[in-house]
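As structure tokens, the structure follows; a few thoughts come after it.
The values are calculated or read from the model by the stated rules, or taken from the named source; none is laboratory data. Nothing here was measured: the structure is a model prediction, and the numbers come from that model. Every residue, glycine among them, receives a Cβ derived from its backbone with ideal geometry; neighbour counts consider all protein chains shown.
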Amino acid sequence: MKINAFLKLWLNVVRNSIAMLKKQSLLKMYFILLCSLLFLVVEFLICYVAFSFMRGIPEVGSIIVERLMYLFYFALFLMLIFSNAIITYSTVYISKDTELLFSYPLKSGTIFRYKFIESNMLSSWAFMAILVPFMVSFGMANHADSALYIFMFLYFIPFLIIAGTIGSGLTMLLVKLLPQKKLRAVIFLISLFVALVIYKSIRRVRFEESGQTIEIFMLNQMLPNIHMSYSLFLPSYWMAEGILKASLKEFKDAFYYFLLLLSTALFFTEVLINLAEKFYLISWQDVHSQAREKIFCLSRGIIERIRPLFKIFGMDSCGLIIKDMKLFWREPMQWTQFVIFFGILGVYFVNIRHFSYNMLQPFWKHICAFLNLSAILLTLGSLSTRFIFPQISLEGNKFWIIGLSPLGLKKVLYEKFLVSFTVSFFITESLLMISNKMLGISGLLEACFIWVILMMNLALIGLSMGLGAAFPDFKSENPAKIVSGFGGTLALIANIGFILIAVAVTIFPFQLFLKGYISTYMDLKKAAMISMGIVSLMSLGLCIFPLLYGEKKLAAMEF
Amino acid sequence: MIETLNLTKKFGTKIAVNKLNLDVGKGELFGFLGPNAAGKTTTIKLLTGLLKPTEGLVKIFGYDIQKDYIKVKSRLSYIPDVPYLYEKLTAREFLRFVSEIYLIDGKDTEKKIEGFLEFFSLREYENILIEEYSHGMHQKVVIIAALIHNPDIIIVDEPMVGLDPKTTKLVKDIFKNSSKNGKTIFMSTHTLSLAEEICGRICIIDNGNLIAIGTLEELRKKSGIDGRLEEIFLKLT
């Protein structure tokens, strides 16, 4: 009966939210639907072309696809665990409704089940949206039987549950075993450990020792050979292997992997619920006790020491900057996402020579450089949606302070934009420099990349900040929930769509040059300048107009 | 009904509640007073099992709240100072959810909900999402949710904040009648006139320590002030 009550609660919330959506502008609804559809179609087309291209490579085509599948699901599995761990903390521990639920005669396991489903869904929906076109394109490029799609659907659910149970379980154990004050240091150490394990599992074998054909040996040199992704004990391996078997119409084996995923998901869920029965209430109580403890333990930290640096912006802006920096720093669950995602990219870029990418032929080296640029921009795109978009919404009820102050909301918006831009520009430009240095790229291409990163930072941060101001959600205090609304989805789609367009425009003259359509260096320089001009115009437009729109909406808003 | 034995709660080195011993009987309307940061809300959260004591014990109906919390909570209600409600639900939907949580029979639920909504003048807003409600209307829904399962103990943290005079009078009457009918009300408040008017016994804490406890007369004797509760409170804290 109590589970029924939660089911009804959830259904009522969804039904009322849809009813509220229907009351909004139809044009807005259709626009977001159209954008989402367009995004999925573009993703599908890119993946389809890529899979078809790889399939067509003689000797090693199918091996490349196979390798990519293992790597893709391994990376997805890690990201899902991480995402679940972060969102479990905000949804299961610090969400305000948990206090209400704990005041009712409910077993902690019952509350946890409900909150776990919520947290798992919040953590996984974006990955699912990306995964579906990827998998459909894989099936179509392989002319697979329609049964493959049924298997893929069957695999998704236990796969998401397994990642969710591990992520949530990790958070529960960390919260239970570690004092909050040390959480930052521990999360940092764990991230470092994970990066180190991945790095160590990258194998470099000499050709004579490998016992492989020259094609396979070269492939191993070109694709990061993360040994761990082939572990028989990993659900990501079962998922990849099952999908590959289903694509080869070996349905008996495919079904075996489904059963493996399903039984593991059920077993892990059972273990997690048992852990929750035992530890959830205690760890929840600890979180709510320790949060207060921190208030009594505050001391003058590094942020206070650098305050004088910001005084040049005026006392009011300095106050805002310091406040934002402190709030960000005191939420380790938030900023560690920055550290981990950019950290993984950093580890990979530093090791580019380890993979001998710098020895590749110019064509492949350029492809590699553009893929690195895309990786930096896609990470920036998703993190800016995750962190920059909710910034105005998170001010929420605190608007009575800054909203009534002589500072004005316009200044608040632009202060947040400038601080976010400065931080992200510094990180992404540094990563790009490492990638360029390691690949041995210089001259015109390097100059173009540096310019693109500058422009894209302006565009992505401006777009996320502007849309965040235009579509705020002042009621929610959970960034993940804020992002999952209309504005957040629009920002994510627009960010990723623009990245794809900007990278394509940037790459265009260089590909023409490599294929011989542009013959002289001077012509290439002119073509590159035109493409940079186009990227700059689009970027400035995407920075300025959303910010102005957000500013206008914010000024017209009634609090 | 409510018993605390050497109840202590520490946040790091800060002692929020220090060896608190209370015994609140059946049918009592007990006032719990103290200046800001005295430890009132922490004590209430300890009584409701939302926080775990560093030392000591909370016994409600003779059960340890930390161990037998389901048994205790099914007969207890808590009205927090800053209540959370599911904003995307209507009042009726929220109250139905609470009824189901307390396993109240479906046939009676609708009648009960309608009665309470009528009583608190919320009938015309029952199908509007809670996010559209004023602070006072929020508070009314929370109070109904606390009463719907007919609890034996009601623990209230600042009950009258945001309520209009008519509803304040209604809530006062509900508390008084509930107390007469054998229900225990444990009420934390800063509204000293309210405590003076309706509470049988009053407890004052400061910095986590119990300063005084007793009827108004007993507090007058202890403080040496033959005046209003406000003067006594200011003298003692």
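Among all positions in the range B:133-143, there is no residue which is closer than 26 Å to B:K52 by Cα, free of Cβ contacts under 8 Å to residues at least 24 places away in the same chain, more than 10 Å from chain A (Cβ to nearest Cβ) and not small (G, A, S). Of all residues in the range B:184-234, those being among the charged types (D, E, K, R) and within 21 Å of B:L20 (Cβ to Cβ) number 4.
The set of residues in the range A:233-259 that are without any contact (Cβ under 8 Å) to a residue 60 or more places away in the chain, of a type in the set (K, R) and out of contact with any helix residue (DSSP H, G or I) (no Cβ under 6 Å at 6 or more places or on another chain) contains only A:K252. Out of B:Y78, B:Y102, one residue alone is at the interface with another protein chain (Cβ under 10 Å from one of its Cβ atoms) and modelled with pLDDT of 90 or more. It is B:Y78. Against the conditions (1) on the phi > 0 side of the Ramachandran plot; (2) in contact with a strand residue (DSSP E or B) (Cβ under 6 Å, 6 or more places away or on another chain), B:F186 satisfies every one except (1). Candidates A:F39, A:F112, A:F102: the one that is farther than 25 Å from B:H149 by Cβ, crowded, with 16+ Cβ neighbours inside 10 Å and in contact (Cβ under 8 Å) with a residue 60 or more places away in the chain is A:F39. So which residues in the range A:251-274 are surrounded by fewer than 17 Cβ atoms within 10 Å (Cβ to Cβ) and small (G, A, S), if there are any at all? A:S263, the sole residue that qualifies. Just name the residue that is nearest to the chain's Cα centre (by Cα) out of those in the range B:56-78 that are buried (at least 22 other Cβ atoms within 10 Å of the Cβ) and in contact (Cβ under 8 Å) with a residue 24 or more places away in the chain. Here the answer is B:Y78.
Only one of the numbered conditions (1) closer than 20 Å to B:S188 by Cβ; (2) more than 8 Å from chain A (Cβ to nearest Cβ) is violated by B:F116, and that is (1). Of all the residues in the range B:60-81, those that are in contact with a strand residue (DSSP E or B) (Cβ under 7 Å, 6 or more places away or on another chain) and more than 20 Å from B:N150 (Cα to Cα) number 2.
Name the residues in the range A:461-481 that are closer than 24 Å to A:M121 by Cα, assigned to a helix (DSSP H, G or I) and at pLDDT 80 or above, would you? Within the range A:461-481, A:S464, A:L467, A:G468 qualify.
Elements of the type strands (runs of 3 or more DSSP E) sitting completely within the range B:1-91 and holding at least 2 residues that are in contact with a His (Cβ under 8 Å, 6 or more places away or on another chain) and hydroxyl-bearing (S, T, Y): there are none.
Name every residue in the range A:3-50 that is hydroxyl-bearing (S, T, Y) and either facing chain B (nearest Cβ under 10 Å) or under 28 Å from the mean Cα position of the chain (by Cα) (or both), in order of residue number.
To start, the set of residues in the range A:3-50 that are hydroxyl-bearing (S, T, Y) comprises A:17, A:25, A:30, A:36, A:48.
Within the range A:3-50, A:S17, A:Y30, A:S36, A:Y48 meet the criteria.
Does the range A:456-479 include one or more residues that are among the aromatic types (F, W, Y) and farther than 21 Å from A:L409 by Cα? No, every residue in the range A:456-479 fails to be among the aromatic types (F, W, Y) and farther than 21 Å from A:L409 by Cα.
Residue check: B:G162 meets all listed conditions (1) touching a helix residue (DSSP H, G or I) at 6+ places or on another chain (Cβ under 7 Å); (2) buried (at least 19 other Cβ atoms within 10 Å of the Cβ) but one, namely (2).
For the range A:446-472, the set of residues classified as over 22 Å from the mean Cα position of the chain (by Cα), surrounded by fewer than 20 Cβ atoms within 10 Å (Cβ to Cβ) and not aromatic (F, W, Y) consists of A:E446, A:A447, A:I450, listed by residue number.
Residue by residue, here is whether (1) among the charged types (D, E, K, R); (2) more than 12 Å from every other protein chain (Cβ to nearest Cβ); (3) without any contact (Cβ under 8 Å) to a residue 40 or more places away in the chain holds:
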{"residue": "B:D23", "(1), (2), (3)": "yes, yes, yes"}
{"residue": "B:K26", "(1), (2), (3)": "yes, yes, no"}
{"residue": "B:F32", "(1), (2), (3)": "no, yes, no"}
{"residue": "B:G49", "(1), (2), (3)": "no, no, yes"}
{"residue": "B:T54", "(1), (2), (3)": "no, no, no"}
